[in-house]
Amino acid sequence: MKRYDLRHLKGAFENRMVEILKEEKEPKEVLIFLFEIGDFSPIQRSADVVKENGFELVNSLKFNEVDWTIVVKLKD
């Protein structure tokens with residue numbers, strides 16, 4: 001299980017998330033992403049990135065007032 005903090009990227013986290021999903025994963029590894037939600041549109045965008053790259057969204061939750069956490073794994 002690896003955790004990636006993308007909060008510093010604000011709303012421009014998609015490219016880094018795709019890079020991580022494609023290059024930094026191990027088979028059957030669970031990845032945790034933390035990002036800033038702002039106007040809540042990043043939540044849907046993150047789910048779309050996960051699906052488009054062949055991963056499954058396992059969990060999605062509000063971490064605090066401004067941060068969101070998602071947990072993903074490669075589809076079996």
ask   = So which pairs qualify, if the first residue must be in segment 57-76 and farther than 16 Å from Lys28 by Cβ and of a type in the set (A, V, I, L, M, F, W, C), the second must be open to solvent by less than 70 Å² (accessible area, probe 1.4 Å) and in a loop (DSSP other than H, G, I, E, B), the Cβ gap must be under 6 Å, and the two must be at least 6 apart or on different chains?
value = Trp68/Ile37
task = Hey, could you check segment 48-70 for residues that are open to solvent by 30 Å² or more (accessible area, probe 1.4 Å) and assigned to a strand (DSSP E or B) and say which is farthest from Lys2 (Cα to Cα)?
result = Lys62
request  = Answer yes or no: is there a residue in segment 30-47 that is open to solvent by 60 Å² or more (accessible area, probe 1.4 Å) and either assigned to a helix (DSSP H, G or I) or modelled with pLDDT of 90 or more (or both).
outcome  = yes
query = In segment 8-62, how many residues are of a type in the set (Val, Ile, Thr) and more than 14 Å from Val72 (Cα to Cα)?
reply = 1
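Please specify each residue of segment 9-29 satisfying the condition of being surrounded by 12 or more Cβ atoms within 10 Å (Cβ to Cβ) and of a type outside the set (Val, Ile, Thr). First the steps, then the outcome.
So in segment 9-29, the residues surrounded by 12 or more Cβ atoms within 10 Å (Cβ to Cβ) come out as 9, 11, 13-14, 16-18, 20-21, 25, 29.
Result: Leu9, Gly11, Phe13, Glu14, Arg16, Met17, Leu21, Lys25, Glu29.
The values are calculated or read from the model by the stated rules, or taken from the named source; none is laboratory data. Predicted, not measured: the structure shown is a model, and the values here were computed from it. Don't worry about glycine lacking a Cβ; one is built from the backbone with ideal geometry, like all the others, and counts go over all protein chains shown. The protein model used for the area step is the full one, side chains on, heavy atoms only, and it has no ligands, DNA or RNA in it. Shrake-Rupley method; radii C 1.70, N 1.55, O 1.52, S 1.80 Å.
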